[in-house]
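This report refers to the structure that appears directly beneath it.
The values are calculated or read from the model by the stated rules, or taken from the named source; none is laboratory data. Note that the structure is predicted; figures quoted are calculated from it, not measured. Every residue, glycine among them, receives a Cβ derived from its backbone with ideal geometry; neighbour counts consider all protein chains shown. We work out accessible area using only protein heavy atoms, side chains counted, and drop any ligands, DNA or RNA first. Shrake-Rupley method; radii C 1.70, N 1.55, O 1.52, S 1.80 Å.
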Amino acid sequence: PVQLRDSFGTVEWRSPDAALPSQALRLADTVADLVGHLDGVDVRIEGKTGEITDDAVVLPEFDAVVEYVDAAIEDGLESEAVRSYLDRMGFDVDAFEPVSHEIDGRESISTEEARELRLEHAERVKHDVRRARSIRSD
């Protein structure tokens, strides 16, 4: 979710914090493409759904964004509302495989399990960085 912040002249972007570097870069490329689409189209904030068309970028009102954020926190991409929102906003949700799905359903994990998960993810990050190619925005 993105929130335009008039009072600070900034854009607030709540990004995934457990994504692999290649996924974060792919996501950044998508956001850059969407920002490039803003030139010459009507941008407005209204309603609950949000969408991008050839003529307009319609961002949902803040209360709706909060609902999407809560659904994303609670259910992630399993939430049809989140998937639908991201799809309408130009994101290919099937291109991402959140690591969180691998530990889903556990109430808690032991210190040893947490250590093993961190080590496994560190290996994935290392492998992801080693196979990285130049990104489009280079």
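Here are the numbers for the structure shown:
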read-out	value
Cβ pairs under 8 Å, 6+ apart, first in the stretch 53-72 and more than 17 Å from VAL31 (Cβ to Cβ) and touching a residue at least 12 places away in the same chain (Cβ under 8 Å), second part of a helix (DSSP H, G or I) and open to solvent by 30 Å² or more (accessible area, probe 1.4 Å)	GLU67/ALA81
Which listed residue is within 25 Å of ALA19 (Cα to Cα) and modelled with pLDDT of 85 or more, from VAL66, VAL99, VAL57	VAL66
Filtered residue count, the stretch 19-76, keeping only those that are in contact with a helix residue (DSSP H, G or I) (Cβ under 6 Å, 6 or more places away or on another chain) and open to solvent by 50 Å² or more (accessible area, probe 1.4 Å)	2
